[in-house]
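Here the structure is laid out as structure tokens; the discussion comes afterwards.
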Amino acid sequence: MGPVYELPAQFQRLCKKRGKRPRGKPADGPPPLNTSAGMAVRSAPLSPLEASHLLRRTGFGCDVALWSSYVGMLPADAAGRMVDEALTQQPPDPPSWATSYPPWGGTDEEKQEYINKQFPWFRELVTTWIKTMSKGGLREKLTLFWHDHFATERDNYFFSILALDYLTLLRTHALGNFREFVVRVGINPAMLIYLDGRLSTRQEPNENYARELLELFTMGQYDHAGQPNYTEKDIVELSRCLTGYQVDYADFSAHLVWGRTDHGEKELFGQKGRFNFGGAHEVIFQERKRQIAEFMAAKLYTEFVYVTPHPDVVTHLADIFESSDFEIAPVVRALLSSEHFYAVDTSGAKIKSPVEFYVGLLADTAGDAPDNAALRRLWREMGSAAQRLLNPPNVAGWPGYRSWVSSSMLLARWEGVDYILPNAFQFKVDLVALARSLVDAADPLAVFKVPTALAAYLLAVPLDTLALDAPAEFSGDLQSYPIPDEIANGPQHVRDLAKIFLAGQPWYEWSLERQGIAWGISKYVQFLAHLPEYQLA
């Protein structure tokens, strides 16, 4: 093939350096969940809380109709439905600029105009993804997971077509074959630029991608027994196998340049041969099959269950991964069907990322998708809370877990909620319709049932575990209008939530038909969104 068209020097300044990844052993996390529930298929139908748990772990919230459709399903049927829908789900339509390539042979004005378009194009890409996530369920949740796993920074490669191509790759392979996925990621133009694969030649092999391929993308530094999974020699030899790929900036395609490729013999994990890019991956998946299966089973566990993997569950999932020849879907299906996934200790045990928090708020409360201006505001709120879509801090992705709920990050979340919910029209939030879908407006006890139903729908924990600072008594003339016996003699949390919900208004004056009721419900949902429990999934 002919020469590959490089990015003109005057535009190379647009591509920022990638974030510096912290090295060394990560800090110890909490112990695994203290549960005896294993990987046996759960036989009991899903309760409302369990259906909510499933949908929030595998998506970004849910609407009431979807939630209701899962209540009463057997977990295996629910998991099968979810995986099958994700496998057949159609992607968003490509944007109008998906094949708009640079006019490098044109005038300076034409080149600059193309550069200027990258900013609105990227905003369009991100806002479309946020809209897709709010309705996309499992596939979009996994797309976000793989974006964190195979991390690249758009600020580093700059061009929106590269970001679109990368996102499409993640979405396409989200539930496919992991081995094929890894190969495709390595020759994706965004990754070739991000980890300097395009600079790796037979004369000067670059070790960046080889190191991250082993340490972050496939097997980790050590196996479950603490033994090293690879050596520095493996990295050096692997880097030789990965030479020769270039990115053509004329059409943002990746090409293998024969003269830049190392065709000599290498020794990789004890095997000798003239391994090329694909051959090197075959060796990795042959010689470190178990290590890869365990590493990725643990990663999927932390995504769907808890930050610290349970060793017995990881072993079971790794067995499935191996026996299915590294198909992702069977592993996900088995985990979501299991007793372990629905164990009491797993509910509310996962801290929402900013994307999960804001897209979940949108999915839970918005009747329709907001307009682009509102979606861009959500994107900015996510960034303020330290999660910039398509721009993780470095190749290790976002640190996650407790870093999401530091004092400054919590404040950013609360400020975002306090802007979004009062601007209901802009964000298409319809809390009155949500309340009506949960409780019969004609029910004489609706005033007490609405706050409980909203809390049960929005929170991931049993309501009787909430620590609520509620007024001591209800307001109004309780002699003439006593609290109904069903409420007065019922659970304490029902009364406490109702007192907070009413905010000093007498219970007998409240009605879902009353003018201005949307404001009161909005203030109550703001209160719920400020609770520590709302930060959990």
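The values are calculated or read from the model by the stated rules, or taken from the named source; none is laboratory data. All figures in this text were calculated on a predicted structure; none of them were measured in a lab. Here the Cβ is made from the backbone with ideal geometry for all residues, glycine too, and neighbour counts use every protein chain on show. Ligands, DNA and RNA are excluded from the accessible area calculation, which covers all protein heavy atoms including side chains. Shrake-Rupley method; radii C 1.70, N 1.55, O 1.52, S 1.80 Å.
Mind checking which helices (runs of 4 or more DSSP H) fall wholly inside region 136-238 and carry at least 3 residues that are open to solvent by 10 Å² or more (accessible area, probe 1.4 Å) and within 20 Å of Val332 (Cβ to Cβ)? Answer list for region 136-238: 160-172, 178-186. Only residues that are under 34 Å from the mean Cα position of the chain (by Cα) and either assigned to a loop (DSSP other than H, G, I, E, B) or on the phi > 0 side of the Ramachandran plot (or both) were counted across region 254-285, and they come to 2. Number of residues in region 260-283 that are touching a helix residue (DSSP H, G or I) at 6+ places or on another chain (Cβ under 9 Å), among the charged types (D, E, K, R) and in contact (Cβ under 8 Å) with a residue 12 or more places away in the chain equals 3.
For residues that are part of a helix (DSSP H, G or I) and either surrounded by fewer than 18 Cβ atoms within 10 Å (Cβ to Cβ) or hydrophobic (A, V, I, L, M, F, W, C) (or both), tally how many sit in region 321-340.
If we filter region 321-340 for residues that are part of a helix (DSSP H, G or I), which is where we start, we get 321-323, 328-337.
Subsequent filtering for residues that are either surrounded by fewer than 18 Cβ atoms within 10 Å (Cβ to Cβ) or hydrophobic (A, V, I, L, M, F, W, C) (or both) retains 321-323, 328-332, 334-336.
Here the count works out to 11.
Out of contact with any His (no Cβ under 7 Å at 6 or more places or on another chain), touching a residue at least 40 places away in the same chain (Cβ under 8 Å), within 14 Å of Pro444 (Cβ to Cβ) and of a type in the set (A, V, I, L, M), is that true of Ile517? It is false that Ile517 is out of contact with any His (no Cβ under 7 Å at 6 or more places or on another chain), touching a residue at least 40 places away in the same chain (Cβ under 8 Å), within 14 Å of Pro444 (Cβ to Cβ) and of a type in the set (A, V, I, L, M). Screening Pro484 against (1) surrounded by 12 or more Cβ atoms within 10 Å (Cβ to Cβ); (2) within 42 Å of the chain's Cα centre (by Cα) leaves a single unmet condition, (2). Residue count for region 45-90 under the criterion of being among the basic types (Lys, Arg) and part of a loop (DSSP other than H, G, I, E, B): the result is 0. Does Leu362 meet the test of being open to solvent by less than 10 Å² (accessible area, probe 1.4 Å) and not charged (D, E, K, R)? Taking the combined requirement at face value, the residue does not satisfy it.
Residue-level check: of (1) closer than 18 Å to Leu375 by Cα; (2) modelled with pLDDT of 95 or more, Lys111 misses just (1). I'd like to know if region 296-305 contains one or more residues that are in contact (Cβ under 8 Å) with a residue 40 or more places away in the chain, part of a loop (DSSP other than H, G, I, E, B), hydrophobic (A, V, I, L, M, F, W, C) and farther than 26 Å from Asp165 by Cα. There is at least one residue in region 296-305 that is in contact (Cβ under 8 Å) with a residue 40 or more places away in the chain, part of a loop (DSSP other than H, G, I, E, B), hydrophobic (A, V, I, L, M, F, W, C) and farther than 26 Å from Asp165 by Cα.
Could you identify the single residue in Thr308, Thr315 that is of a type in the set (Ser, Thr, Tyr), under 30 Å from Val41 (Cα atoms) and in a helix (DSSP H, G or I)? Residue meeting the stated conditions: Thr315. With respect to Asp251, is the statement that it is among the acidic types (Asp, Glu), surrounded by fewer than 18 Cβ atoms within 10 Å (Cβ to Cβ), over 23 Å from Val395 (Cα atoms) and under 30 Å from the mean Cα position of the chain (by Cα) true? Considered against the rule, which asks whether it is among the acidic types (Asp, Glu), surrounded by fewer than 18 Cβ atoms within 10 Å (Cβ to Cβ), over 23 Å from Val395 (Cα atoms) and under 30 Å from the mean Cα position of the chain (by Cα), Asp251 comes out as yes. Yes or no: Thr35 touching an Asp or Glu at 6+ places or on another chain (Cβ under 6 Å) and surrounded by 12 or more Cβ atoms within 10 Å (Cβ to Cβ)? It is true that Thr35 is touching an Asp or Glu at 6+ places or on another chain (Cβ under 6 Å) and surrounded by 12 or more Cβ atoms within 10 Å (Cβ to Cβ).
This table checks each residue for (1) closer than 19 Å to Leu55 by Cα; (2) of a type in the set (S, T, N, Q).
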position: Arg240; (1), (2): no, no
position: Asp251; (1), (2): no, no
position: Phe275; (1), (2): no, no
position: Val305; (1), (2): yes, no
position: Ala318; (1), (2): no, no
position: Ser324; (1), (2): no, yes
position: Lys352; (1), (2): yes, no
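Per the conditions (1) under 30 Å from Pro422 (Cβ atoms); (2) acidic (Asp, Glu); (3) touching a residue at least 60 places away in the same chain (Cβ under 8 Å); (4) surrounded by fewer than 20 Cβ atoms within 10 Å (Cβ to Cβ), the sole criterion not satisfied by Glu356 is (4). Within region 396-440, restricting attention to residues that are part of a helix (DSSP H, G or I) and among the basic types (Lys, Arg), the residue that is least open to solvent (accessible area, probe 1.4 Å) is Arg413.
Quick check on Pro444: is it open to solvent by 40 Å² or more (accessible area, probe 1.4 Å) and under 30 Å from Ala51 (Cβ atoms)? Yes. I'd like to verify a number: residues in region 85-123 that are under 19 Å from the mean Cα position of the chain (by Cα), in contact (Cβ under 8 Å) with a residue 40 or more places away in the chain and open to solvent by 30 Å² or more (accessible area, probe 1.4 Å), how many? Selection size over region 85-123: 6. Restricting attention to region 290-320, the residues being basic (Lys, Arg) and either open to solvent by less than 20 Å² (accessible area, probe 1.4 Å) or within 22 Å of Lys352 (Cα to Cα) (or both) number 1.
Please verify whether Asp477 is open to solvent by less than 30 Å² (accessible area, probe 1.4 Å) and either part of a helix (DSSP H, G or I) or out of contact with any strand residue (DSSP E or B) (no Cβ under 8 Å at 6 or more places or on another chain) (or both), treating the condition exactly as stated. For Asp477, the condition - open to solvent by less than 30 Å² (accessible area, probe 1.4 Å) and either part of a helix (DSSP H, G or I) or out of contact with any strand residue (DSSP E or B) (no Cβ under 8 Å at 6 or more places or on another chain) (or both) - is not met.
Among the conditions (1) touching a residue at least 24 places away in the same chain (Cβ under 8 Å); (2) open to solvent by 50 Å² or more (accessible area, probe 1.4 Å), Ile500 misses just one, which is (2).
Screening Asp464 against (1) part of a helix (DSSP H, G or I); (2) crowded, with 20+ Cβ neighbours inside 10 Å; (3) not small (Gly, Ala, Ser) leaves a single unmet condition, (2). In region 98-127, how many are among the β-branched types (Val, Ile, Thr) and not in a helix (DSSP H, G or I)? Residues flagged as among the β-branched types (Val, Ile, Thr) and not in a helix (DSSP H, G or I) within region 98-127 amount to 2.
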